[in-house]
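Everything below concerns the one structure shown next.
The values are calculated or read from the model by the stated rules, or taken from the named source; none is laboratory data. The structure displayed is predicted, hence computed values, not measured ones. Note that each Cβ is placed from the backbone with ideal geometry, even for glycine, and that neighbours are counted across all protein chains shown. Ligands, DNA and RNA are excluded from the accessible area calculation, which covers all protein heavy atoms including side chains. Shrake-Rupley method; radii C 1.70, N 1.55, O 1.52, S 1.80 Å.
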Amino acid sequence: MLSRVYSGAVYGVNAYSVEIEVNAGKGEAQFVIVGLPDAAVRESKDRVLTAMNNSGFRPMIGRTTINLAPADIKKEGPVYDLPIAAGLLAATGEAEMPNLDQFALIGELALSGEVRRVRGVLPVTLEMRKQGKRGIIVPADNAEEAAVAEGIEVYPVRHLREAIEFLSGSLKLEPFRVELSELIQRERGHTEDFADVKGQESAKRAIEVAVCGGHNLLMIGSPGAGKTMLARRIASILPEMHLEEALEATRIHSIAGTLKSHQALIFQRPFRSPHHTISDAGLLGGGVHPLPGEVSLAHRGVLFLDELPEFHRNVLEVLRQPLEDGHVTISRAAATLDFPSRFMLVAAMNPCPCGFAGDPKRECRCTSTKIQAYRNKISGPLLDRIDIHIEVPPVNYDQMSTLGRGTPSSEIRDRVETCRRRQRERFARSPKVTCNAAMSARDVQDHCVPSEEASELLKMAMTEFHFSARAYDRIVKVARTIADMEGADEIGPGHISEAIQYRSLDRSIWM
């Protein structure tokens, strides 16, 4: 007897439908899985048979063939346990499930029959909605994540028997639903706040400029100056995530398996801070079966690289493509995958190996050769892609002992929202451009024309500091952001002067 069950699998950041055909024949007990299964899928035979036995089912298993179609794409993981079990019970006549083809199933089975949480449920649910399925049966721990996809009924189950009884019609289950408004209120909110930062007014100004325009940022300062403290609060002043952005971020984290149990959506901007020992595959994504890396997990949020020169040179160099294109392309023999990676890069470093070069109170112990070798770990092309470089000086006692609190993140975020709204109106006809940092060369020509006095000042700076052509674009983009913060239509000399200040630091330190 032949049965068909539908499930889904993840390919890159998208999903595709998988049709599971189960043919149960007579003869000697034999169990064959075809359709390019990996080891975890092949091992599902033992999990499924034991789970069915411990759930009270006693199907007569003869020569059984299970085909996972399409057969030319490798199938990975334990996500097919639940649909294979349902297909076996239907094919052997152990359970009558007349509406089986109207549902999709996904889930891993424990030996007891319990249905365990799996990754990639959100993209699979969205794909099943596209395929016109009435509903999808998912592990209970994935219910909130799947229910975000409107237009398809989501049925959470905790046990194999519960799923089979529902499909047989002997058990009634209500579709699981989430209230997005309540979800947004619960998920939003930050524990880190700029009100806790004492002093560092120039650094906070530069950070606000960077966030307003979506510019990349490098902070240079001695150990203990507060670079990490500032970086961890940047996500709290980024604009609130829209539903579309939240779905993008959640889809990536669902595939990577980083969503928490019962977490439906990511409404807080991601903040990723990988250790400097990370590999290029860990940063970009990859592996035998490519998964998203840190640059994709930071999509729509912040990627913070602390102790920037301590990262391996090849790891830093692979950042060029995601910084320029907003996505990562991973090529393998079997396929080429694209992962989105639109993030704000925030980096921090010491001025020298010991960290005290230029410190007025502590003496630097590094030789000039060591300092130069330390700074040369960051290439010029990468530095050119970081729009704003700022110095973060140590905080003195008077600033630390101040009793009052600083400007809260909510107030700064309101100013950021106002500035970003101005940019969205400007780029209304260019949906791919969401902020000044994402402007193309043509957009720079159309929207970043300095006044005559500002042009003269920029020309003088280009000659004096030997800025590259890319640095020129970065300067006028930052100047455009500063003008937007003031509500000015034209880029004036004051805007250019502040933007140059954020670029000249690399020349004063690096040369």
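Here the extension length gained between Asn376 and Ser261 equals 37.0 nm, from 0.36 nm per residue of separation less the Cα-Cα distance. Evaluated with a Cβ-only charge set (Lys, Arg +1; Asp, Glu -1), region 53-184 carries a dipole of roughly 380 debye about its Cα centre, given to the nearest 20.
Using the scaling law 2.2 N^0.38 Å as the reference, what is the normalised Cα Rg of region 187-346? If you can, show how the numbers build up before the last one.
Working: Rg = 16.0 Å, N = 160, 2.2 N^0.38 = 15.1 Å.
Cα-based Rg divided by the globular estimate yields 1.05.
Extending 7 Å from the Cα toward the beta-carbon at both Glu452 and Ser430 defines two label points whose distance is 2.7 nm. Spread over its residues, the convex hull of the C-alpha atoms of region 410-511 is 111 Å³ per residue.
Rounding to the nearest 20 debye, state how big the charge dipole of region 232-285 is about its Cα centre with +1 on each Lys and Arg Cβ and -1 on each Asp and Glu Cβ.
Values: 6 positive and 5 negative charges, 56 e Å.
Around 260 debye, computed over region 232-285.
Straightening the chain between Phe465 and Gln131 buys 114.4 nm, computed as 0.36 nm per residue apart minus the Cα-Cα spacing.
Cα gyration tensor of region 292-418, axes a ≥ b ≥ c as square roots of the eigenvalues: rounded (a/c below 1.5), prolate (a/b > b/c) or oblate? Oblate shape, in that a/c is at least 1.5 and b/c is the bigger or equal ratio.
Taking only the Cα atoms of region 1-133, the ratio Rg/Rh comes out at 0.94, with Rh defined as the Kirkwood radius.
Using only helices, what value at 222 nm comes out for the chain when you add -39,500 (n - 2.57) per DSSP H run of length 4 or more and divide by the total residues, to the nearest 500 deg cm²/dmol?
On the way: 22 runs with 202 residues, N = 511.
When only DSSP H runs of four or more count, the value is -11000 deg cm²/dmol.
Once the Cα atoms of helix 452-465 and of the chain are each reduced to a long axis, what angle between those two axes, in degrees from 0 to 90 to the nearest 10, is obtained? Between the helix axis and the principal axis of the chain, the angle is about 90 degrees.
The residues of the chain have, on average, 45 Å² of accessible surface per residue, using a 1.4 Å probe with all protein chains present. Axis angle, to the nearest 10 degrees, between helix 81-91 and the longest C-alpha principal axis of the chain: 20 degrees.
When the Kirkwood radius is taken over all Cα pairs of region 65-145, what Stokes-Einstein diffusion coefficient follows at 4 °C and 1.567 mPa s, in µm²/s? The partial results should precede the final answer.
Details: Rh = 13.6 Å.
Answer, rounded: 95 µm²/s.
Relative contact order of the chain: 13 percent, from C-alpha pairs under 8 Å at least 6 residues apart in sequence. If you take all other residues with their beta carbon under 10 Å from the beta carbon of Ala347, and give Lys and Arg +1 and Asp and Glu -1, the sum is -1.
Can you tell me how region 3-65 classifies by the Cα gyration tensor, rounded, prolate or oblate, using a/c under 1.5 as the rounded cut? Don't skip to the answer; put the middle values down first.
On the way: a/c = 2.06, a/b = 1.76, b/c = 1.17.
Since a/c reaches 1.5 and a/b is larger than b/c, the shape of region 3-65 is classed as prolate.
If you average 1/r over all unlike Cα pairs in the chain and invert the result, what Kirkwood radius do you get in angstrom? Before the final figure, lay out the partial values.
Numbers: mean 1/r = 0.0390 Å⁻¹.
One over the average 1/r among Cα pairs gives 25.6 Å for the chain.
Pairs Lys75/Lys172; Lys204/Lys260; Lys204/Lys361; Lys227/Lys370; Lys45/Lys74; Lys227/Lys377: which exceed 25 Å Cα-Cα? Where the Cα-Cα span goes over 25 Å, the pairs concerned are Lys75/Lys172; Lys204/Lys260. Spin-label model, Glu244/Thr367: points 7 Å from Cα along the beta carbon direction are separated by 5.7 nm. Please give the helix 469-485 orientation as an angle from the longest Cα principal axis of the chain, in degrees from 0 to 90, rounded to the nearest 10. Roughly 90 degrees, rounded to the nearest 10.
So, with +1 on the Cβ of K and R and -1 on the Cβ of D and E, and no other charges, what is the size of the charge dipole of the chain about its Cα centre, to the nearest 20 debye?
On the way: 62 positive and 67 negative charges, 141 e Å.
Magnitude of the dipole: close to 680 debye.
Could you work out the local net charge near Ala91, counting Lys and Arg as +1, Asp and Glu as -1, over the other residues with Cβ closer than 15 Å to its Cβ?
Numbers: positive: Arg4, Lys26, Lys45, Arg58, Arg63; negative: Glu19, Glu21, Glu94, Glu96, Asp101.
Local charge sum for Ala91: 0.
With a cut-off of at most 16 other beta carbons within 10 Å, and DSSP calling the residue loop, which trypsin sites (Lys or Arg not before Pro) in region 257-333 qualify? Please list them. Of the trypsin sites (Lys or Arg not before Pro), the ones in loops of region 257-333 whose Cβ has at most 16 other Cβ atoms within 10 Å are Lys260, Arg332.
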